[in-house]
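The values are calculated or read from the model by the stated rules, or taken from the named source; none is laboratory data. All values reported here derive from a predicted model rather than from experimental measurement. Reconstructed Cβ throughout: ideal geometry from the backbone, glycine too, with neighbour counts over all protein chains shown. Surface areas here come from the heavy atoms of the whole protein model, side chains and all, with no ligands, DNA or RNA. Shrake-Rupley method; radii C 1.70, N 1.55, O 1.52, S 1.80 Å.
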Amino acid sequence: MSDVAEPYSTTLDFKSWIIRPYNKKFEVRLRGMKNFYSDADAVKRMLDGGEDPLIYEVYECLQPSVEGQIDFAITVIYPGKIGDEYNMTRGHYHAKEGASELYFILQGEGFVVMQTKEGGMASTPLKKGQILYIAPRWAHRTINTGKEKLTFLAVWPSDAGHDYGTIEEKGFRQIIIDKNGRPTVIENPRV
Ligand code: M6P
Ligand code: ZN
């Protein structure tokens with residue numbers, strides 16, 4: 001029986017939208033994702049000025065990375081902008097190309113941008129209650145364009161793997177910026 005995983009449960013608090021217990025938590029500040037923002041000058045100005053805002057945090061329930069297991073997590077993206085670009089996750093492809101993902105939006109509003117290595121591009125506005133299916137091969141980044149936290153539950157295969165390299169180097173082909181007070185999807189000038 002020793003190699004059989006045990007069932008367990010955790011509880012989502014409907015006020016704070018945090019799960020407890022979780023088995024791993026990580027926080028990402030601007031310094032930890034500085035290459036992911038398109039406005040390098042704005043990033044440098046903030047960091048040089050001693051500002052290193054918390055962009056998002058993730059409360060994870062991770063299983064061993066083997067086929068058949070699923071991981072899940074609550075992600076909280078804080079409201080804010082770096083230059084004109086809204087706070088967001090780094091975004092990634094799955095290392096295992098056949099791996100998909102499900103998002104359930106709990107709080108706030110924003111966008112998800114998605115793309116494939118074959119040139120596919122998609123962006124979808126997100127609001128509370130929405131369930132988003134991210135098909136295999138689509139890189140995904142979530143952006144908070146609202147004034148409150150954007151919080152969502154994500155579920156993905158434990159052996160999917162996170163590939164950040166391509167995104168860190170080139171960025172997403174579409175980014176979401178504040179244009180005259182409105183979230184606007186534009187082509188990334190960096191790509
Ligand atoms: C969601 C999932 C996680 C991911 C997290 C933060 O919870 O997609 O797999 O780690 O968002 O996104 P990223 O790792 O791209 O910064
Ligand atoms: Zn993913």
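Given the conditions (1) surrounded by 16 or more Cβ atoms within 10 Å (Cβ to Cβ); (2) assigned to a strand (DSSP E or B), report the number of the one that residue 124 does not fulfil.
(1)
Just need a number here: residues in the range 58-106 that are within 25 Å of residue 182 (Cα to Cα), near ligand 1 (Cβ under 10 Å from one of its atoms) and either among the β-branched types (Val, Ile, Thr) or out of contact with any Ser or Thr (no Cβ under 7 Å at 6 or more places or on another chain) (or both).
Within the range 58-106, residues that are within 25 Å of residue 182 (Cα to Cα), near ligand 1 (Cβ under 10 Å from one of its atoms) and either among the β-branched types (Val, Ile, Thr) or out of contact with any Ser or Thr (no Cβ under 7 Å at 6 or more places or on another chain) (or both) number 7.
Name the single residue, out of those in the range 159-176 being surrounded by fewer than 18 Cβ atoms within 10 Å (Cβ to Cβ) and within 14 Å of ligand 1 (Cβ to nearest atom), that is farthest from residue 57 (Cα to Cα).
If we take residues in the range 159-176 being surrounded by fewer than 18 Cβ atoms within 10 Å (Cβ to Cβ) and within 14 Å of ligand 1 (Cβ to nearest atom), then 166 is farthest from residue 57 (Cα to Cα).
Kindly establish whether residue 133 is within 16 Å of ligand 2 (Cβ to nearest atom) and open to solvent by less than 70 Å² (accessible area, probe 1.4 Å).
no
Go through (1) near ligand 1 (Cβ under 10 Å from one of its atoms); (2) under 11 Å from residue 142 (Cβ atoms) for residue 111 and report which single condition fails.
(1)
Need the failing condition index for residue 61 against (1) within 16 Å of ligand 2 (Cβ to nearest atom); (2) more than 15 Å from residue 160 (Cβ to Cβ); (3) open to solvent by less than 40 Å² (accessible area, probe 1.4 Å); (4) not β-branched (Val, Ile, Thr), just the number.
Condition (2) is where residue 61 drops out.
In the range 107-132, what residues are more than 20 Å from residue 176 (Cα to Cα) and either β-branched (Val, Ile, Thr) or under 14 Å from the mean Cα position of the chain (by Cα) (or both)?
Answer for the range 107-132, where residues must be more than 20 Å from residue 176 (Cα to Cα) and either β-branched (Val, Ile, Thr) or under 14 Å from the mean Cα position of the chain (by Cα) (or both): just 131.
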